[in-house]
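Report on the following structure.
The values are calculated or read from the model by the stated rules, or taken from the named source; none is laboratory data. Please read all numbers here as calculations on a predicted model, not as lab measurements. Using ideal geometry, Cβ is built from the backbone for each residue, glycine included, and neighbour counts are taken over all protein chains shown. With ligands, DNA and RNA removed, areas are computed over all heavy atoms of the protein, side chains included. Shrake-Rupley method; radii C 1.70, N 1.55, O 1.52, S 1.80 Å.
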Amino acid sequence: MELSPKAQAVELIRNSNQILILGHSDPDGDSVGSSLAMKLALDKLGKQSEVVLMGSLPENCAFLPGFANIKQGLSASNDLVITIDTRNTGEELRLGHKKIAETHQVVIVVSPPKGSLLTDDVTITRSRPKYDLVIILDCATLERLGDLPQTQPDLFFETPTVSLDHHASNSYFAKVNWVDMTATSTSEMLVSLFEALGKGENLLDEDIATALLTGLITDTGSFQNQSTTPKSLTVAAQLVAAGARQQEIIDKIFRTKPLSTLKLWGKILSRIEENTELSFAWSAVTAEDITSVGAKPTDTSGLIDELLKTAEGMKFVFLLSERDGQIHGTLRAVDSATQVLKLAKLFEGGGHQNAAAFSVEGTLEQKQEEIVKKISAAVAEGPTLMDLNH
């Protein structure tokens, strides 16, 4: 009988020793929390691993154990790899080198047994770290990993990949895909994974439980989102019983905000616009707005759930923000019947039925009006909005 995706993931992890942990670019609390928890659990299992998260890291997660060790790119090896095409020269090459002391140079001499080597026959590359498994967490598509698939294509072709995710928009891009759309977060899924990996030994300790509870709390909006389930509450209780520092999480995530973040939120709130006919509200923030108050792009995180989503009489809200030459759109349903995932898919975005996001190339000056018109037109179509998946 074929193993379930979860069982396949467990077997691959047990049989691997050099593991790379990835999450989506510009990670949120669930991506950071699940990644750090995975790293801590693998440490307990005697595995070598590292966490790589591209883009801006959320500073409100800096209290989590291991946050300072997160890498924002794959570190290059010190080795240079020289590859020689020997189809026209034969493979019995003679290699030699000589030092030129006065110029501090080393000259490498390659002598072919026949013919001659051309410069086009030789390529020089940097060797990359060798992994025997890549674990990709909380990421619906390969493109959401940032530029890693483009800069390190061999990594994803040559190395087994495991994707653990809870998004309905997951494209099943890995070798093994464990996608649980009933889970409120990837962190929630990892509790079950760690139980299987422990073989009866409890892997959960205070640090791992705190990292996982951070992911669970942030993805459920501290259990206020409509996606909150009885299981997520049960898992949260299990994590608190394991020592998760719940009050520390609440203090760092919800009760502590830098002044730069508050100034940025003030700018965004002062620009709220509403469409009373179609019952939605939205705001926008430029890259210049962000830098002018000394904030970072990730400082918009939390605003839509903590403030915009509380707008009375709205079916949904969205925020447009400029990041790295793109416009990032974040949508949240206020009315449980509104499926904002379908709106995100208008721009090839993804996420959940009630919480979704998208990115488009350009600036707000170029694209803002077009985006708002497209969303308005889709909502105005009424019942056809429910068919945007097709």
*Shape metrics for the chain, restricted to C-alpha atoms - Rg then Dmax, Å*: 24.5, 81
*Whole-Hz couplings from phi, Karplus 6.51/-1.76/1.60, listed for segment 182-192; x for Gly and Pro*: 7, 7, 7, 6, 5, 4, 4, 5, 5, 4, 5
_Exposed GluC sites (Glu not before Pro) absent: longest stretch of the chain, with sites in DSSP loops and at most 13 other Cβ within 10 Å deemed exposed_ = 93-200
*Per residue accessible area of segment 1-117, 1.4 Å probe, in Å²*: 56
*Over segment 35-151, what relative contact order in percent results from Cα pairs under 8 Å that are six or more residues apart?*
25
_Probe 1.4 Å, protein heavy atoms only - accessible area per residue of segment 189-312 in square angstrom_ = 48
*How are the C-alpha pair distances of segment 237-375 spread across 5 Å bins, as whole percents from the shortest bin up?*
2, 10, 18, 20, 19, 14, 9, 5, 2, 1, 0
*Provide, in order from the shortest bin, the percent of all Cα-Cα pairs of segment 113-211 in each 5 Å bin, continuing until the bin that contains the maximum pair distance.*
2, 10, 16, 17, 15, 13, 9, 5, 3, 3, 3, 3, 1, 0
*Using a simple charge model, +1 on the beta-carbon of Lys and Arg, -1 on the beta-carbon of Asp and Glu, nothing else, what dipole does the chain show about its Cα centre, in debye to the nearest 20?*
620
_Please check: in the Gaussian network model of the chain (C-alpha springs, under 10 Å), which one of Gly33, Gly350, Gly198 has the largest mean-square fluctuation._
Gly198
*In segment 278-390, carbon and sulfur make up what percent of the accessible area (probe 1.4 Å)?*
49
*May I ask what percent, to the nearest 5, of DSSP beta bridges between residues of the chain are antiparallel?*
55
*Considering the options Thr276, Gln247, Ala333, tell which one lies farthest towards the positive end of the dipole of segment 230-340, charges being +1 on Lys and Arg and -1 on Asp and Glu at the Cβ, about the Cα centre.*
Gln247
*In 10 Å bins starting at 0, how do the alpha-carbon pair distances of segment 274-349 split up by percent?*
18, 49, 28, 5
*Hey, what did segment 112-264 get for relative contact order, percent, Cα under 8 Å, at least 6 apart?*
16
*Short version: ³J(HN,Hα) in whole Hz for each residue of segment 321-328, in order, from phi by Karplus 6.51 cos²θ - 1.76 cosθ + 1.60 (θ = phi - 60°), x for Gly and Pro, what are they?*
9, 7, 8, 6, x, 10, 9, 9
_Can you compute the helix-only [θ] at 222 nm over the chain? Use -39500 (n - 2.57) per DSSP H run of at least 4 residues, normalise by all residues, nearest 500 deg cm²/dmol._
-9000 deg cm²/dmol
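Which whole-number percent is the relative contact order of the chain (Cα, under 8 Å, 6+ apart)?
So the answer I get is 13 percent.
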*Proximal charge balance of Gly221 [Cβ under 12 Å; K/R count +1, D/E count -1]*: -3
_Long pairs among Lys231/Lys374; Lys47/Lys175; Lys39/Lys263; Lys44/Lys231, criterion Cα-Cα beyond 29 Å_ = Lys231/Lys374; Lys39/Lys263
